[in-house]
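The values are calculated or read from the model by the stated rules, or taken from the named source; none is laboratory data. Given the structure is predicted, the values throughout are model-derived calculations rather than measurements. Neighbour counts run over all protein chains shown; Cβ positions are idealised from the backbone, glycine included.
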Ligand SMILES: C[S@@+](CC[C@H](N)C(=O)[O-])C[C@H]1O[C@@H](n2cnc3c(N)ncnc32)[C@H](O)[C@@H]1O
C-alpha cells in the first residue's frame, strides 16, 4: 500500500478485466474506460484503428490526444511506435480539462508497465516534454477553446484520439462545430479514432466532410468509429449501421458558438428530433434486433461503462 495525497482521493484506481486500472468519474457518472480493460481499449479502439504501428516506420508522426485523461492513449501510442522504430520523432498534443486526472494517474503509479513512465510524469508535471525523439504538450482547459490554439498553430495530426465521456454526458465534445475544428487538425492521410458508434457522432463526423468506418468490437458488443478524408481503406459499415444513420438518433449535436452548456446542447437536439420526419430509432431497433440468441447482436451505443458491472477498487501492483 502507498499513500496518495488527499487531492487525489476523488480518483480511486479501479481494476479492469485486463489487469489495468481506471477511475470512475462522479461528475459524469461514468468510468474513464471500458470495464473490459483500459489498456485494451487504448490499443484496440485508438492505436490500432489509427494504424500507428504501420506508420511508425515514418521518420516522424504527429498525434492529437483529445481528452488526455489518465494518459493511456498517449502512453500506448508512444510505446507502440517506439517498439517498432525507436528513432521515430513524435509530436504529441494532449487536451484535458482537469489536470487532477493525469496527476492522480501518475500519483497512483498506473504506468509502471511502460518504460516511458518518466516521460509521462514530466508531461503531467510540466505540461511539456522535449527530448531527441519527443515533443509533447499538454494543454489544460476546455478542448473547445484549446482546439483553436492547436488549429492556429497549423498542427496536422497523423492520428487523432477522440475520447470524451459519452455523448449524453458530455455532448460539448461531440458537436458538429467542435468536430469541424478537430477535422481541420487532421492531415490528408490521417485518421481519427473514437470508441463511440453513436449515430449522432458518426453523422457529426460526416458533416465535416470526413468518411467513416467501423472499428472491431472489443470485449463488448459495439464497434467504434474511425474517420479519414479518404474512404478507400476504411472498414465499411454494416447495413444495420448504415440504416441507423437515417434515423432520428443520427441528428447530430450542435453548439453554434462553442460555448453552450451540456443541458442547452441536449435540449436543442431533442427539439430537432421531435420536429424530425426521420424514422424513429425505436422502429429501426425493432427491425434490426435479432430474436433472443439468433443472428447478429444489436448495435448498442455506449459510454465507457453503461450497464456494466461494478469494478473492484484496488491498488496497482
Ligand atoms: C473518457 S476520459 C478520457 C480517458 C483518456 N483518454 C485516457 O486514456 O485515460 C474523458 C476525459 O475528458 C476530460 N474532459 C471533460 N470535459 C472536457 C472538456 N470540455 N475539454 C477537455 N477535456 C475534457 C475529462 O476530465 C476526462 O479526463
Exercise. Quick one: how many residues across the stretch 40-65 are out of contact with any helix residue (DSSP H, G or I) (no Cβ under 6 Å at 6 or more places or on another chain) and closer than 22 Å to residue 178 by Cβ?
Worked result: 6
Seminar exercise, completed: For the stretch 75-104 the number of residues that are more than 7 Å from the ligand (Cβ to nearest atom) and buried (at least 21 other Cβ atoms within 10 Å of the Cβ) is 11
Problem set entry | Candidates 109, 103, filtered to the one that is in contact (Cβ under 8 Å) with a residue 24 or more places away in the chain and in a helix (DSSP H, G or I) | 103
Exercise. Checking residue 111 against (1) over 20 Å from residue 41 (Cβ atoms); (2) within 11 Å of the ligand (Cβ to nearest atom); (3) at pLDDT below 95, which single condition isn't satisfied?
Worked result: (1)
Exercise. Which one is farthest from the ligand (Cβ to nearest atom), of the residues in the stretch 16-30 that are closer than 15 Å to residue 98 by Cα and outside any loop (DSSP other than H, G, I, E, B)?
Worked result: 24
Exercise. Of all residues in the stretch 31-56, which are more than 11 Å from the ligand (Cβ to nearest atom), in a helix (DSSP H, G or I) and crowded, with 24+ Cβ neighbours inside 10 Å?
Worked result: 52
Problem set entry | Which numbered condition residue 72 misses (of (1) touching a helix residue (DSSP H, G or I) at 6+ places or on another chain (Cβ under 8 Å); (2) more than 8 Å from the ligand (Cβ to nearest atom)) | (2)
Exercise. How many residues are farther than 14 Å from residue 49 by Cα, at pLDDT 95 or above and surrounded by 18 or more Cβ atoms within 10 Å (Cβ to Cβ) if we restrict to the stretch 210-236?
Worked result: 1
For this session: Taking the residues in the stretch 256-275 that are part of a loop (DSSP other than H, G, I, E, B) and surrounded by fewer than 17 Cβ atoms within 10 Å (Cβ to Cβ) as candidates, determine which candidate is farthest from the chain's Cα centre (by Cα).
Result: 275
Exercise. Quick check, is residue 217 within 29 Å of residue 43 (Cβ to Cβ) and outside any strand (DSSP E or B)?
Worked result: yes
For this session: Looking only at the stretch 126-133, decide whether some residue is in contact with a strand residue (DSSP E or B) (Cβ under 8 Å, 6 or more places away or on another chain), more than 30 Å from residue 260 (Cα to Cα) and within 14 Å of the ligand (Cβ to nearest atom).
Result: no
Problem set entry | Every residue from the stretch 147-168 that is surrounded by 20 or more Cβ atoms within 10 Å (Cβ to Cβ) and not in a loop (DSSP other than H, G, I, E, B) | 147, 150, 157, 158, 159, 160, 161, 162
